[in-house]
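*Asks:* The structure follows.
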Amino acid sequence: MNRDDFKLSRSQRMQLKAFVCLLGVLLIILLLLGKLIGAFLHREEPEEPESSTPPHVPVVETLHNVWIMEEDEEGILIFREGERERYPWGEINGASGAESRFDGEGQSHAEGEVGGADEPGAEERYDGGDQSDAGSRLEEGQQDTGQRYRPGTAVREQVADVTLTDGQVTEICVMAEKINGKILGAGEDWIEVEGYGRLPLAADYRGYRLYDSLEMCTARDIRFGYSFTDLCLEDGEICGVLLVKEEAMEYIRVLVRSAENGSLHTQPVLTADTGFSVIYGSYEDRKTEVHQAGEEILFAADSPYFEGERVWVVPDVLTGKVTLKSEERSQGTPSYRGTMELLRTEGGIAVVNQVLLEEYLYSVVPSEMPSKYPAEALKAQAVCARTYAYGHMEHAGFPQYGAHVDDSTSYQVYNNILEQESTTTAVKETYGQLLYTAENTLAGTYYYSTSCGVGSDANVWKTEAASRITYLHARHLSKTTMAQVLADGTEPEELGEKLREEEAFAAFIRSENQDDFEVEEGWYRWSYEVEELDPEYMLEILKKRYAANSRLVLTLKDGEYVSEEIGGLGEIRELCIAKRGAGGVADELIIEAEKGTYKIGRAHV
């Protein structure tokens with residue numbers, strides 16, 4: 001068989017090509033159909049794009065030692081840093097704050113029970129999830145004296161830590177442990193309470209004045225010698241100071257200074273003109289020692305009397321007087337009404353006289369004003385002295401000793417001169433009278449020995465508070481001026497302000513006005529002359545002033561006055577008043593010396 005036998009005709013070849021093409025098309029169709037079926041059968045869900053929003057992280061904040069004013073179905077109202085703030089309830093154990101409430105029997109209406117809540121004295125807690133649970137845990141050995149409550153329990157009018165989660169209340173820890181007692185003293189980080197001793201003051205403590213209008217306060221506002229204050233405790237520290245009430249205070253506590261050692265005594269010796277007792281020892285083991293009238297007791301720092309920090313010397317009768325034999329005053333050896341309290345400190349022994357305010361004035365008025373003055377003047381002095389003293393009873397000058405004032409010119413001179421009938425009568429005839437401002441606050445009743453015929457204002461003390469004492473004016477102190485002020489409230493002239501000018505003051509001080517109230521007084525006009533100034537003595541005085549208030553002793557450097565210690569003066573070349581205050585009071589003194597020029601501001605050393 002040859003090749004020709006296998007040749008196809010033209011028509012056959014065309015049929016074969018058509019068949020092959022058809023077969024190819026069918027194959028392509030089958031492949032496409034297979035792919036479509038496979039894609040349909042094995043179709044996957046499309047992947048969602050990743051979210052750009054991060055997961056929510058709750059913001060948890062704890063407000064420490066706030067005062068809870070109100071609590072209701074919606075939330076709580078608190079007082080914090082002088083502002084009222086309201087916060088809604090958050091989720092508490094799976095229920096809203098409004099749903100998670102205690103009934104009168106202490107049973108929870110929330111889903112889930114709080115373990116131990118029914119047991120007497122057990123902590124009652126609520127939380128808003130893991131954050132609050134973690135925050136509630138205590139380290140091993142740590143005591144938690146707070147009580148955690150669900151809404152609906154006694155959280156109103158309490159000091160508490162409030163935990164917020166995203167601005168909603170999720171936990172409240174009430175500082176339920178409170179104490180009350182006579183406050184005997186206070187320092188930067190402690191308060192001494194009779195019956196409890198010194199208690200540490202927490203760094204984040206807060207104080208609230210609850211009477212009158214709700215306000216923030218500090219330990220400086222405590223009434224020493226009184227039990228008007230509740231103290232909230234947490235882990236043995238004072239976390240809340242509550243000034244609960246304001247009542248008339250009868251007793252003042254006076255720090256009796258030592259003539260030789262200042263505020264403190266080394267070995268005070270005391271006796272009394274009647275039988276007396278010495279009370280000493282710790283609060284847990286108080287001892288009372290009875291003594292006869294005239295028996296002298298020496299109180300040395302290492303004496304057994306100071307087993308505790310304080311010792312009390314108490315006369316047997318109210319009219320008895322305690323004599324401080326180790327001190328001398330103008331009257332001689334001073335005796336004191338009331339009781340004596342001795343406090344041992346590192347620097348010596350503080351002697352505090354607790355005495356009725358009115359009896360205190362019996363010894364203040366004659367020490368501050370001659371008893372021979374007219375009765376009305378003595379009564380005015382009594383009102384001023386009482387107002388001044390009461391102001392310091394509200395804000396004690398010596399909290400570390402629990403004393404309101406001392407007995408020196410830094411406050412009011414006390415018991416330097418014997419009581420006099422005229423001054424005692426003035427005190428009794430003005431019993432309880434205080435001087436108030438138009439804003440119903442105690443007035444600053446400052447007074448002085450003698451004026452030049454015109455007063456000044458509070459800026460003479462260079463304090464930050466001086467500008468706020470607007471009721472004190474540099475007024476002309478004359479009969480004519482007083483008559484016009486009483487008649488219509490106006491003054492003939494603003495003499496006090498005019499005397500700021502040097503020329504006006506020079507003319508005024510060189511003249512005498514017979515209409516002035518004090519024209520007959522010895523210090524109404526005075527002068528002092530020296531032949532030669534002592535640079536060493538002046539340097540000593542300037543150094544004392546610099547130590548007392550460095551901003552009022554300035555040195556001229558490169559055309560400006562700066563505060564720095566004065567090394568020396570050398571020859572003093574000139575003294576002049578650079579500035580006068582209201583009423584002509586010398587406000588700034590310029591000293592030109594061999595070794596420098598200095599500007600001295602008015603200050604009391």
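The values are calculated or read from the model by the stated rules, or taken from the named source; none is laboratory data. Every value quoted in this text rests on a predicted model; they were computed, and no experiment measured them. Cβ sites come from the backbone with ideal geometry, for glycine too, and all protein chains shown count toward neighbours. Areas reflect the complete protein model, heavy atoms only, side chains present, ligands, DNA and RNA absent. Shrake-Rupley method; radii C 1.70, N 1.55, O 1.52, S 1.80 Å.
*Asks:* Which residue, of V383, V352, is at pLDDT 95 or above and surrounded by 22 or more Cβ atoms within 10 Å (Cβ to Cβ)? Break it down into steps so the answer makes sense when it comes.
*Replies:* Working: V383 fails: surrounded by 22 or more Cβ atoms within 10 Å (Cβ to Cβ).
On inspection, the qualifying residue turns out to be V352.
*Asks:* Here's something else I'd like to know. Please go through the stretch 295-311 and give me each residue that is out of contact with any Leu (no Cβ under 8 Å at 6 or more places or on another chain), surrounded by 12 or more Cβ atoms within 10 Å (Cβ to Cβ) and either assigned to a strand (DSSP E or B) or free of Cβ contacts under 8 Å to residues at least 24 places away in the same chain (or both), ordered by number.
*Replies:* L298, S303
*Asks:* When the residues of the stretch 458-469 are narrowed to those that are of a type outside the set (A, V, I, L, M, F, W, C) and surrounded by 12 or more Cβ atoms within 10 Å (Cβ to Cβ), which ends up nearest to Y448 (Cα to Cα)?
*Replies:* N459
*Asks:* For the structure I just gave you, tell me whether S326 is in a loop (DSSP other than H, G, I, E, B) and surrounded by fewer than 17 Cβ atoms within 10 Å (Cβ to Cβ).
*Replies:* Numbers: in a loop (DSSP other than H, G, I, E, B): yes; surrounded by fewer than 17 Cβ atoms within 10 Å (Cβ to Cβ): no.
No.
*Asks:* Then there's this: Among the residues of the stretch 182-241, what is the count of those that are without any contact (Cβ under 8 Å) to a residue 60 or more places away in the chain, open to solvent by less than 10 Å² (accessible area, probe 1.4 Å) and either assigned to a loop (DSSP other than H, G, I, E, B) or touching a Phe, Trp or Tyr at 6+ places or on another chain (Cβ under 9 Å) (or both)?
*Replies:* Residues flagged as without any contact (Cβ under 8 Å) to a residue 60 or more places away in the chain, open to solvent by less than 10 Å² (accessible area, probe 1.4 Å) and either assigned to a loop (DSSP other than H, G, I, E, B) or touching a Phe, Trp or Tyr at 6+ places or on another chain (Cβ under 9 Å) (or both) within the stretch 182-241 amount to 3.
*Asks:* Is it true that Y373 is within 15 Å of R223 (Cα to Cα) and surrounded by fewer than 22 Cβ atoms within 10 Å (Cβ to Cβ)?
*Replies:* Numbers: within 15 Å of R223 (Cα to Cα): no; surrounded by fewer than 22 Cβ atoms within 10 Å (Cβ to Cβ): yes.
So Y373 fails the test.
*Asks:* Separate question: Please count how many residues of the stretch 508-548 are exposed (fewer than 11 other Cβ atoms within 10 Å of the Cβ) and farther than 30 Å from S563 by Cβ.
*Replies:* Going through the stretch 508-548 one residue at a time, the tally reaches 9.
*Asks:* If a residue must be at pLDDT 85 or above, more than 32 Å from the chain's Cα centre (by Cα) and in a loop (DSSP other than H, G, I, E, B), how many such residues does the stretch 456-491 contain?
*Replies:* Total meeting the criteria: 2.
*Asks:* Could you check the stretch 312-351 and list, in sequence order, the residues that are over 15 Å from A293 (Cβ atoms), out of contact with any helix residue (DSSP H, G or I) (no Cβ under 6 Å at 6 or more places or on another chain) and of a type in the set (K, R)?
*Replies:* Matches in the stretch 312-351: R329 only.
*Asks:* Filter the stretch 494-507 down to residues that are in contact (Cβ under 8 Å) with a residue 12 or more places away in the chain and open to solvent by 80 Å² or more (accessible area, probe 1.4 Å) and give me whichever is nearest to D457 (Cα to Cα).
*Replies:* E497
*Asks:* What do you reckon, is Y390 among the aromatic types (F, W, Y), open to solvent by less than 50 Å² (accessible area, probe 1.4 Å), over 24 Å from S277 (Cβ atoms) and in contact (Cβ under 8 Å) with a residue 12 or more places away in the chain? Working first, answer last.
*Replies:* Working: among the aromatic types (F, W, Y): yes; open to solvent by less than 50 Å² (accessible area, probe 1.4 Å): yes; over 24 Å from S277 (Cβ atoms): yes; in contact (Cβ under 8 Å) with a residue 12 or more places away in the chain: yes.
Here the answer is yes, as Y390 does meet what is asked.
*Asks:* Here is a further query. Where in the stretch 492-605 are there helices (runs of 4 or more DSSP H), lying fully within it, with 3 or more residues that are basic (K, R)? Break it down stepwise before answering.
*Replies:* Details: elements: 495-498, 502-509, 535-548.
Counting at least 3 such residues, we get 535-548.
*Asks:* Something else about it: Would you point out the residue of the stretch 266-286, among those that are over 32 Å from the mean Cα position of the chain (by Cα) and at pLDDT below 95, that is surrounded by the most Cβ atoms within 10 Å (Cβ to Cβ)?
*Replies:* Looking at residues that are over 32 Å from the mean Cα position of the chain (by Cα) and at pLDDT below 95, I get R286.
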